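The values are calculated or read from the model by the stated rules, or taken from the named source; none is laboratory data. Bear in mind that the values here come from a model prediction, so they are computed numbers and not experimental data. Here Cβ is always computed from backbone atoms with ideal geometry, including for glycine, and neighbour counts include all displayed protein chains.
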Amino acid sequence: MTTNKPPIVRMQKLHKHFGSLHVLNDIDLEITPGEVVVIIGASGSGKSTLIRCINGLEEFQSGLLEVDGNLLKPMGKSTKALQTIRTEVGMVFQQFNLFPHLSVIDNVTLAPIKVRGQRRDQAIETAKRLLARVGIADQANKYPSQLSGGQQQRVALARALAMEPRLMLFDEPTSALDPEMIGEVLDAMRELAKEGMTMVIVTHEMGFAREVADRVIFIHKGEIAEQGAPEQLFDAPQHERTQAFLARVL
Ligand code: ADP
Ligand code: MG
């Protein structure tokens, strides 16, 4: 990506510990608006922790993190910046985390009404449009338990989009899905990428990564070991750790 827009995420020398465990070690990362970044790495390497830092779900011990101009400080408590970031950054998790007692439409309209103060009729109209966009317009009045995993994950995506996020984070969004449902979720994400959404995606779907990513980042033991365009990283990895990892997963 060659643009001179200011980065939407700026992480500098970020360190994160869980007790004595040094989970993120000196992470420098800038993400440009419109960029699609895929993060890969072994289990336990710090991928989830890294993206959870970006929307303030995890605090960090030192370094700098700025998201869309909002500065998060180390060990930051509940600041104004944190609240702003949480409303501007959408997240989709491996477990869909839908509210089981709410219908699909209520899951999608809840935050826009409660957090954004949107009018109910307006929130419903937006929700219907988003559900149609992810291919489940006909499921609006069902409850999560009545849907397949792939449908639930697309509701989770519509719910995040309803907040008009500036940035979307995905943490292994297809890892909990039966194989036949992975494609429909990846299709919805592919569309979103095409429309220019800024996305950070942790995934083990290497074919998808190669296809949608502007940049792939390989994390090893809490450090960015290597990063580059997908063809560079997948076809000509430089780092021995990247080579070993790819040999196992490809
Ligand atoms: P990944 O997503 O790459 O599998 P994580 O970011 O979930 O890795 O975890 C990185 C390391 O931090 C692992 O060793 C994990 O056990 C540890 N970890 C993650 N969350 C916590 C937590 N809340 N408390 C203590 N250790 C944690
Ligand atoms: Mg993880």
Practice task
List the number of the failed condition for Gln61; all other conditions in (1) under 30 Å from Ala127 (Cβ atoms); (2) more than 16 Å from ligand 2 (Cβ to nearest atom) hold.
Solution key: (1)
Exercise for the section: Tell me, please, whether a residue that is in contact with a strand residue (DSSP E or B) (Cβ under 8 Å, 6 or more places away or on another chain), part of a strand (DSSP E or B) and surrounded by fewer than 21 Cβ atoms within 10 Å (Cβ to Cβ) can be found in the stretch 227-250. Expected result: yes
Problem - Count - residues of the stretch 38-72 that are touching an Asp or Glu at 6+ places or on another chain (Cβ under 9 Å), more than 15 Å from ligand 1 (Cβ to nearest atom) and of a type in the set (D, E, K, R) - result: 1
Practice task
Can you give me the number of residues within the stretch 12-37 that are in contact with a Gly (Cβ under 7 Å, 6 or more places away or on another chain) and within 10 Å of ligand 1 (Cβ to nearest atom)?
Solution key: 3
Fill in the blank from the handout: Inside the stretch 11-45, the number of residues satisfying the requirement of being surrounded by 17 or more Cβ atoms within 10 Å (Cβ to Cβ) and either more than 29 Å from Arg248 (Cβ to Cβ) or under 14 Å from the mean Cα position of the chain (by Cα) (or both) is 9
Problem - First in the stretch 87-107 and touching a residue at least 24 places away in the same chain (Cβ under 8 Å) and more than 16 Å from ligand 1 (Cβ to nearest atom), second anywhere and part of a loop (DSSP other than H, G, I, E, B) and acidic (Asp, Glu), Cβ under 9 Å, 6 or more apart - result: Glu88/Asp68; Glu88/Glu164; Val89/Asp68; Gly90/Glu164
Practice task
Collect the residues in the stretch 27-55 that are closer than 18 Å to Thr242 by Cβ and either of a type in the set (Gly, Ala, Ser) or more than 16 Å from ligand 2 (Cβ to nearest atom) (or both), keeping them in residue-number order.
Solution key: Asp28, Leu29, Gly41, Ala42, Ser43, Gly44, Ser45, Gly46
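Quick grid of which residues meet (1) modelled with pLDDT under 95; (2) aromatic (Phe, Trp, Tyr); (3) touching a Phe, Trp or Tyr at 6+ places or on another chain (Cβ under 7 Å); (4) within 30 Å of Glu125 (Cα to Cα):
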residue: Met163; (1), (2), (3), (4): no, no, no, yes
residue: Met168; (1), (2), (3), (4): no, no, no, yes
residue: Leu177; (1), (2), (3), (4): no, no, no, yes
residue: Lys194; (1), (2), (3), (4): no, no, no, yes
residue: Glu226; (1), (2), (3), (4): no, no, yes, no
residue: Phe234; (1), (2), (3), (4): no, yes, no, no
residue: Glu240; (1), (2), (3), (4): no, no, no, no
